[in-house]
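The values are calculated or read from the model by the stated rules, or taken from the named source; none is laboratory data. Only a predicted model underlies this, so the values are computations on that prediction, with no experimental measurement involved. Don't worry about glycine lacking a Cβ; one is built from the backbone with ideal geometry, like all the others, and counts go over all protein chains shown. Accessible surface is based on the protein model in full, side chains and every heavy atom, while ligands, DNA and RNA are left aside. Shrake-Rupley method; radii C 1.70, N 1.55, O 1.52, S 1.80 Å.
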Number of protein chains: 2
Amino acid sequence: MIKINKAACIGGGVIGGGWIARFLLAGIDVDVFDPHPDARRIIGEVLANAERAYAMLTGAPLPKRGKLTFCGSLEEAVVDADWIQESVPERLDLKRSVLAQIDAAARPDALIGSSTSGLLPTDLQQDMQYPERLFVAHPYNPVYLLPLVEIVGGEKTAMATIKAAMEKLPPIGMKGVHIAKEIEAFVGDRLLEALWREALWLIHDDICTVETLDDVIRYSFGLRWAQMGLFETYRIAGGEAGMRHFLQQFGPCLAWPWTKLTNVVDLDDALVEKIGQQSDEQAAGRSIRELERIRDENLVGILQALKGSNDGKGWGAGKLLKEFEHSLWAAGGKTKASSDLSQPLRLIETTVSPAWVDYNGHMTEHRYLQVFGDTSDALLRLIGVDLAYVEAGQSYYTVETHIRHLAQAKLGQAIHATCQVLSVDEKRLQVFHTIHDTAAGEAIATAEHMLVHVDTRAGKAIPAAAGVLEKAGSIAAAHAALPRPEGAGRHVGQKRWGTS
Amino acid sequence: MIKINKAACIGGGVIGGGWIARFLLAGIDVDVFDPHPDARRIIGEVLANAERAYAMLTGAPLPKRGKLTFCGSLEEAVVDADWIQESVPERLDLKRSVLAQIDAAARPDALIGSSTSGLLPTDLQQDMQYPERLFVAHPYNPVYLLPLVEIVGGEKTAMATIKAAMEKLPPIGMKGVHIAKEIEAFVGDRLLEALWREALWLIHDDICTVETLDDVIRYSFGLRWAQMGLFETYRIAGGEAGMRHFLQQFGPCLAWPWTKLTNVVDLDDALVEKIGQQSDEQAAGRSIRELERIRDENLVGILQALKGSNDGKGWGAGKLLKEFEHSLWAAGGKTKASSDLSQPLRLIETTVSPAWVDYNGHMTEHRYLQVFGDTSDALLRLIGVDLAYVEAGQSYYTVETHIRHLAQAKLGQAIHATCQVLSVDEKRLQVFHTIHDTAAGEAIATAEHMLVHVDTRAGKAIPAAAGVLEKAGSIAAAHAALPRPEGAGRHVGQKRWGTS
């Protein structure tokens, strides 16, 4: 994958801030120019949301966060960037002038993307000296979680630019789709616009309230569309007779005089107030911050669910997340190797995610084992049992586990996990993990594990590779100097802690 | 909740079959009339899909499946039903005549719902003698997983009918939304219709392909709409300035001449063939059955993810699932009390869910502990530690766990968990759980747990209530006659199984 080295973001509202968070969390330095007085605050808030969401989204090792620099001028921000993202307000004259400025100051080989949700790239590139590098890169809010970017070229855009832009999105966890012909609003907003007009009429005519309309979406086709789109869903609806049959059957009703699409609703004060009031009722006092938090938790959960489906291969946005994590693991395995061996290894840093707690806000029992499992995985990568090793057909499997709960982890609490290697031989690896309250330093839970090295295809124990044994052995030798952990070797119900 | 005693389904295609599955899996007997020669096969296939999905969807104890009876006449099917669901083809004359037949044969107090996706209830109830009990109950495919039912009354429909229909849906896991005024296609299909027209133009004009359009939906707003609808999403997009500001800002562009909504696309042979071909390419050889399976897995995963969000209270369709499970547990807790105590208690029946497996299709380590935790929860409910007990401030917390992995659970595999109570005293409860491969009967994993009874507010151990101790004690006394499980009392790394 071809990674962006340095990004520049011109304009840092909710969309610009989302792009900044995407780049930074993928380890890319970002230079920002935004003269708005609230720019730093807004960007800071989006970034905080994004970091919270990523901590829940993945246990994969995120790269060191990129460096965020606020620049005093547009020229300073774009001068050495290789991806420049323009996210200024949606006015053609403003965008054209900003893009001409970027064009004059940027490196000739820089890619220049516009976040416009509706303007034509051909119009945007009018005043540029090098218009071939300008394209629309239209994202969706929240940009740090929703993967879609519509990539649209104008008359003067080079195909090489489109190709390069599409290639640089997966390494930041995004999905580019190339829209073949430029039209105003592209594809996504065309579809949204159509539905939005109809929705406004339904509220205007008192067919239903804002909340009922939202319920209709999120209890039915919204659930379908998170994973398959319109046509694939209808392909299934067509059943064995197939898509062509479905079209022939349902086509005629398109001409029925059902919808009000031919008219444009007048968004007068009365309708604005009606919708505003119904929306307030629906929110039931929840602030935008609370709604954002809930939305992000839900998106994280949906993405994780899609990651596990399709026989574990992932589906749609979940497949993309899986691929993104693979690239993070591949990169992260390398950077961890320099840990201090005179202490238990500090391998996992995380916060207790909303998806991990019960309704009392306590971490659910099996999530402790999830953190312990992540700790084992981190140790394995450290000793060379990485993705390539596993894909070649060998791995360590856990055969036995002993967990002690000493305190309770709570929602939002910062925790970290350490690992002491107790013993290693050709086939076996015995480890003792501890989850700590990072602020107080106390142990919350411990786990002792026996792992066995296996040929995963044959399903039987075999000796580990020499390199793996050497690395594991050197950690075990260093850890032999550490005191044996209180609680190691215990069985369930043993009278007192530490009498093993 | 007011449960349906007996349902009748007239028409058993994909939608009728989905209703039948909903009723049967909620423990309700269903009488079916459908003269179509393939009716039994189609219903059987929908039911098989539904059972597979429910096994993944919830570990809650499903009631005994209702009895399915195919009747020789419509009259026979409806005669003693209290909810009659009409799902015959979408032609007004046909539906009117079928509804008149139902009307003549049904009990006077029966509720009569029509699955029509577009016809007006006022038109449907024309020929009925008791039209006040007719309403539209419009579901979404797959009916056994998508919870939404649009409830729409006609001019002659009684409000009591609407109220009764809305109340009878939650006990079968569904969400009724009452549409205030009847219009053709109601709310959901109005919205879908608007988007569908625009989508057809985008394909017709070669702006994008079927696959690109689907990707645009499922990588962006589809993910949003699975959890919040249109207005709540835009409320967030409006940011701190709020919904009214958002409307004022984005309102004007509604009048821009972007969309082709004023025209109706001609679904001629060329367009049908183009969409058909692109849809074939997108499916990449996957059959409708495979797509259905993937869709259902994804829906299950999404519903489960939404169940865990919002600080564990659940959100949208996930909150509904949580409430449905609560009612299942409440019902199941009672029926389980008569379990055979001469054996370990069989407490959990489930299937390995797509969200639970790694990319090799093996159940992830911490999901074993999830199943063991569910097993402990089931035991606790059985001895009287139910929701009310916990909400009153006492519970059992796990303090120590020992797990052995003996084999691997794989995607889709039917598993069940048993529990042997090893010992109980005032404050402590020691249990030994086993996860079994249900088909082969073999043990896949075992877990020994020590639970301590606590005052959850004070956070300290206290004696359990007398009734709880009595029930736990009687199980422990009966289980004392069982052999001590191989593996109980082991510590990690102990040389051989069973030498404790």
### Message
For the list (1) of a type outside the set (Asp, Glu); (2) open to solvent by 30 Å² or more (accessible area, probe 1.4 Å); (3) at pLDDT below 90, I need the number of the one condition that A:LYS163 fails.
### Response
(3)
### Task
For segment B:22-39, state whether one or more residues are on the phi > 0 side of the Ramachandran plot and surrounded by fewer than 23 Cβ atoms within 10 Å (Cβ to Cβ).
yes
### Task
Being assigned to a helix (DSSP H, G or I) and at the interface with chain B (Cβ under 7 Å from one of its Cβ atoms) is the filter here, so list the residues in segment A:225-245 that pass it.
A:TRP225, A:LEU230, A:PHE231, A:GLU232, A:ARG235, A:ILE236, A:ALA237, A:GLY239, A:GLU240, A:MET243, A:ARG244
### Task
Within segment B:209-223, work out how many residues are more than 14 Å from A:GLY318 (Cβ to Cβ), at the interface with chain A (Cβ under 7 Å from one of its Cβ atoms) and not polar (S, T, N, Q).
6
### Message
I'd like to verify a number: residues in segment A:360-409 that are among the aliphatic types (A, V, I, L, M), in contact with a helix residue (DSSP H, G or I) (Cβ under 6 Å, 6 or more places away or on another chain) and either open to solvent by 40 Å² or more (accessible area, probe 1.4 Å) or not assigned by TED's automatic domain parsing to the domain that holds A:LEU347 (or both), how many?
### Response
1
### Query
Do the conditions hold for B:GLN430, that is, is it open to solvent by 20 Å² or more (accessible area, probe 1.4 Å), at the interface with another protein chain (Cβ under 10 Å from one of its Cβ atoms) and among the polar types (S, T, N, Q)?
yes
### Qualifying residue in segment B:51-63 (condition: among the aromatic types (Phe, Trp, Tyr), under 20 Å from A:TYR219 (Cα atoms) and open to solvent by less than 20 Å² (accessible area, probe 1.4 Å))
yes
### Task
Report, by residue number, each residue of segment B:1-14 that is crowded, with 24+ Cβ neighbours inside 10 Å and either more than 19 Å from B:SER114 (Cβ to Cβ) or of a type in the set (Val, Ile, Thr) (or both).
B:ILE10
### Task
Could you check B:PRO170 against (1) under 22 Å from B:LYS319 (Cα atoms); (2) at pLDDT 90 or above; (3) open to solvent by 10 Å² or more (accessible area, probe 1.4 Å) and say which number it fails?
(2)
### Message
Can you pull out every residue in segment B:112-132 that is open to solvent by 10 Å² or more (accessible area, probe 1.4 Å) and hydrophobic (A, V, I, L, M, F, W, C)?
### Response
B:LEU119, B:LEU120, B:MET128
### Selected residue [open to solvent by less than 20 Å² (accessible area, probe 1.4 Å), more than 7 Å from chain A (Cβ to nearest Cβ) and either within 30 Å of B:ILE162 (Cα to Cα) or in contact with an Asp or Glu (Cβ under 6 Å, 6 or more places away or on another chain) (or both)] from B:GLY188, B:GLY176
B:GLY176
## Note on the structure
Here the qualifying pairs (Cβ atoms under 9 Å; residues six or more apart or on different chains; first in segment A:294-315 and more than 7 Å from every other protein chain (Cβ to nearest Cβ) and within 15 Å of B:PHE221 (Cβ to Cβ); second among the aliphatic types (A, V, I, L, M) and assigned to a loop (DSSP other than H, G, I, E, B)) come out as A:LEU303/A:LEU145
### Query
Is segment A:133-144 home to any residue that is more than 14 Å from chain B (Cβ to nearest Cβ), open to solvent by less than 10 Å² (accessible area, probe 1.4 Å), within 23 Å of the chain's Cα centre (by Cα) and under 29 Å from B:ILE203 (Cβ atoms)?
no
### For B:ALA472: the one exception among (1) touching a Leu at 6+ places or on another chain (Cβ under 7 Å); (2) open to solvent by 10 Å² or more (accessible area, probe 1.4 Å); (3) assigned to a helix (DSSP H, G or I)
(2)
### Task
Name the residue, out of B:GLY467, B:GLY441, that is out of contact with any Ser or Thr (no Cβ under 9 Å at 6 or more places or on another chain), more than 30 Å from A:ALA409 (Cα to Cα), in the same structural domain as B:THR398 (by TED's automatic domain parsing) and not in a loop (DSSP other than H, G, I, E, B).
B:GLY467
### Task
Could you grab me the full set of residues in segment B:66-108 that are part of a strand (DSSP E or B) and either surrounded by fewer than 16 Cβ atoms within 10 Å (Cβ to Cβ) or of a type in the set (D, E, K, R) (or both)?
B:THR69, B:PHE70, B:GLU86
### Task
Determine whether segment A:8-21 contains at least one residue that is modelled with pLDDT under 90, at negative phi and in a helix (DSSP H, G or I).
yes
### Query
Taking B:LYS495, is it open to solvent by 30 Å² or more (accessible area, probe 1.4 Å) and in the same structural domain as B:GLU349 (by TED's automatic domain parsing)?
no
### Task
Output the residue which, of all residues in segment B:195-208 that are touching a residue at least 40 places away in the same chain (Cβ under 8 Å) and facing chain A (nearest Cβ under 7 Å), is most open to solvent (accessible area, probe 1.4 Å).
B:ARG197
### Task
Go through segment A:438-467 and give me each residue that's farther than 19 Å from A:PRO344 by Cβ and free of Cβ contacts under 8 Å to residues at least 40 places away in the same chain.
A:ALA458, A:GLY459, A:LYS460, A:ALA461, A:PRO463, A:ALA466
## Note on the structure
Filtering segment A:145-183 for residues that are of a type in the set (Val, Ile, Thr) and within 11 Å of the chain's Cα centre (by Cα) leaves a count of 1
### Summary
In segment A:209-228, residues that are more than 18 Å from B:LEU195 (Cα to Cα) and open to solvent by less than 10 Å² (accessible area, probe 1.4 Å) total 1
#### Entry: Top-ranked residue of segment A:316-353 - restricted to ones that are open to solvent by less than 40 Å² (accessible area, probe 1.4 Å) and at the interface with chain B (Cβ under 10 Å from one of its Cβ atoms), ranked as modelled with the lowest pLDDT
A:SER353
#### Entry: Where B:SER376 falls short, out of the listed (1) in contact (Cβ under 8 Å) with a residue 60 or more places away in the chain; (2) assigned to a strand (DSSP E or B)
(2)
